[in-house]
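The values are calculated or read from the model by the stated rules, or taken from the named source; none is laboratory data. As the structure is a computational prediction, the values presented were derived from the model and not from experiment. Reconstructed Cβ throughout: ideal geometry from the backbone, glycine too, with neighbour counts over all protein chains shown.
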Amino acid sequence: MADILLLAAHPDLAQSHITHTLLDAAKACADQRIEVRDLYRLYPDYAIDVAAEQRALEGARMLVMLHPLHWYGMPALLKLWIDEVLRFGWAYGPGGQALRGKDLWLATSAGGSVEAYSANGHHGHPVETFLLPYERTAHLCGMRWLPPLVLHGAHRVADTEIEAHALNFAHRLQSYPAWTGGLQIEPEPDVPIDERPPLFSSLDGESQ
């Protein structure tokens, strides 16, 4: 079973240059230890097979999320994937041990430059500020949050730089976990039942 699970999430992959290039690089080096799942191809109707996704996660040592930044965050289908797959009692909270000790790594691209993502730049904050929900999700699930791989200036970067970025991405996949040494996981206490995020079913008046 694959020990690296790569979730690609691009709403229009055919029109993508950076995400498509990184995904191709991952597939080119893919072997039995890497499973690539293109969420928008698998679930064009947004009907996620939760059991299948949880099975894929159980065998993985590292979860990789590959997508461009959309309005300072993740594409809608990936957010839905987190809402439905990372369930209370399975991924976090009392009895939620399924992801504990695994790694979470984000590979993303942003249209703005490094300068634009700064305190004095157009976006007012460094890009790491906008990635805090990913880090907290990892921490809540007992996962280790790895330093993200971010390509800035996505609309202006040269093809040679994109290719070098893709090679670096593929090398990280192939050499995992050698480059992750020394990063520690801080244990997350159990989440009280009355403080857990509500599930979609609760909006319909059903039990959570």
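A few comments on the model shown:
- Cross-chain or 6+ apart pairs with Cβ under 8 Å, the range 46-57 first and over 22 Å from residue 10 (Cβ atoms), then part of a helix (DSSP H, G or I): 54/85
- Residue in the range 88-134 that is farthest from residue 20 (Cα to Cα), counting only those that are among the charged types (D, E, K, R) and surrounded by fewer than 19 Cβ atoms within 10 Å (Cβ to Cβ): 100
- Leading residue by the ranking (surrounded by the most Cβ atoms within 10 Å (Cβ to Cβ)) among those in the range 70-82 that are more than 16 Å from residue 55 (Cα to Cα) and modelled with pLDDT of 95 or more: 74
- Test for residue 97: is it within 25 Å of residue 170 (Cα to Cα) and out of contact with any strand residue (DSSP E or B) (no Cβ under 6 Å at 6 or more places or on another chain): no
- Taking the criterion of being under 20 Å from residue 13 (Cα atoms) and not β-branched (Val, Ile, Thr), the residues of the range 32-45 that qualify are 35, 37, 38, 39, 40, 41, 42, 43, 44, 45.
- Filter result (more than 17 Å from the chain's Cα centre (by Cα), among the hydrophobic types (A, V, I, L, M, F, W, C) and in a loop (DSSP other than H, G, I, E, B)) within the range 1-18: 1
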